[in-house]
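Below is one structure, written out as structure tokens; the observations come after it.
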Amino acid sequence: YAEAKKGVEDGAGELDARRRYVCGYLVADWREQVEEGKDAPYESLQKQLPHVYRDFREMRENGVEFLAGTDVGVLFMYPGFSLHDELEKLVREFSFRPMEVLRIATYNPAVFYGAEREFGSIESGKVADLVLLDANPVPDIRNTRRIQGVMTRGRWLDQAALDRLLREVEEAAASGCGPTRISPH
């Protein structure tokens, strides 16, 4: 409880640099979650975790298809950043191969939404939002964090543009995330 409370109140991002990008409304929700879990025995969760992991592995072994994506309303899930944590966890703790998790994050959503003709692979006529990495994620899935640039809506965002966007998000979060215009321009 004390550690979670510190993390929520760490607006400067000293404990976790990603915290400085989180808006006030989400921080308020996190505070509520921390308070709700204040009296919940942590040991109980620790005892349940091996069963959750076992069930997850069994689902995978039985052909259950997965989607990647973090729920922003969950305590300490940082929009955008936590997806990389999730991909790494799927490889490290659930023995997925990196190519599998890349598919889970890119192609499987298209299948889930029945939109394989619109997105999910690189082909002429499809939505062409792409992330260019500095290193191959197949030998090391952590390389998904090494973003060189992003192509979105037909516009290229280089590292300087991405850094500028992060600064804008940080400024918006520091001001409570009232009406703001965060754009790739």
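I'd like to know if the range 76-96 contains one or more residues that are open to solvent by 80 Å² or more (accessible area, probe 1.4 Å), in contact with a strand residue (DSSP E or B) (Cβ under 6 Å, 6 or more places away or on another chain) and at pLDDT below 95.
No, the range 76-96 contains no residue that is open to solvent by 80 Å² or more (accessible area, probe 1.4 Å), in contact with a strand residue (DSSP E or B) (Cβ under 6 Å, 6 or more places away or on another chain) and at pLDDT below 95.
Rundown of residues vs (1) modelled with pLDDT under 95; (2) surrounded by 13 or more Cβ atoms within 10 Å (Cβ to Cβ); (3) among the hydroxyl-bearing types (Ser, Thr, Tyr), yes/no style:
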site	(1), (2), (3)
126	yes, yes, no
134	no, no, no
137	no, yes, no
141	no, yes, no
144	no, yes, yes
147	no, yes, no
152	yes, yes, yes
160	no, no, no
165	yes, yes, no
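Quick check on my filter: what residues within the range 83-109 are within 17 Å of residue 151 (Cβ to Cβ) and small (Gly, Ala, Ser)?
Selection gives 105 alone.
Determine the pairs where a residue that is within 15 Å of residue 1 (Cβ to Cβ), located within the range 29-51, has a partner that is modelled with pLDDT of 85 or more and part of a helix (DSSP H, G or I) with Cβ atoms under 6 Å apart, the partner being 6 or more residues away or on another chain.
Listed by first residue and then by second, the contacts come to 30/8; 31/8; 34/4; 34/5; 34/8.
Which of the residues that make up the range 55-114 are among the hydrophobic types (A, V, I, L, M, F, W, C) and in a loop (DSSP other than H, G, I, E, B)?
64, 66, 67, 68, 72, 74, 75, 76, 77, 96
Kindly indicate whether any position in the range 108-121 is modelled with pLDDT under 90, closer than 30 Å to residue 4 by Cα and surrounded by fewer than 13 Cβ atoms within 10 Å (Cβ to Cβ).
Within the range 108-121 (the criterion being modelled with pLDDT under 90, closer than 30 Å to residue 4 by Cα and surrounded by fewer than 13 Cβ atoms within 10 Å (Cβ to Cβ)), the answer is no, since none of the residues qualifies.
Here is a list of conditions, (1) among the hydrophobic types (A, V, I, L, M, F, W, C); (2) touching a Phe, Trp or Tyr at 6+ places or on another chain (Cβ under 8 Å); (3) open to solvent by 90 Å² or more (accessible area, probe 1.4 Å), and residue 104 meets all of them except one; can you say which number that is?
For residue 104, the failing item is (3).
The values are calculated or read from the model by the stated rules, or taken from the named source; none is laboratory data. Given the structure is predicted, the values throughout are model-derived calculations rather than measurements. Methodologically, a virtual Cβ is constructed for each residue, glycine included, from the backbone with ideal geometry; neighbour enumeration extends over all protein chains shown. For the accessible areas, the whole protein counts, side chains as well, though only heavy atoms, and no ligand, DNA or RNA atoms are used. Shrake-Rupley method; radii C 1.70, N 1.55, O 1.52, S 1.80 Å.
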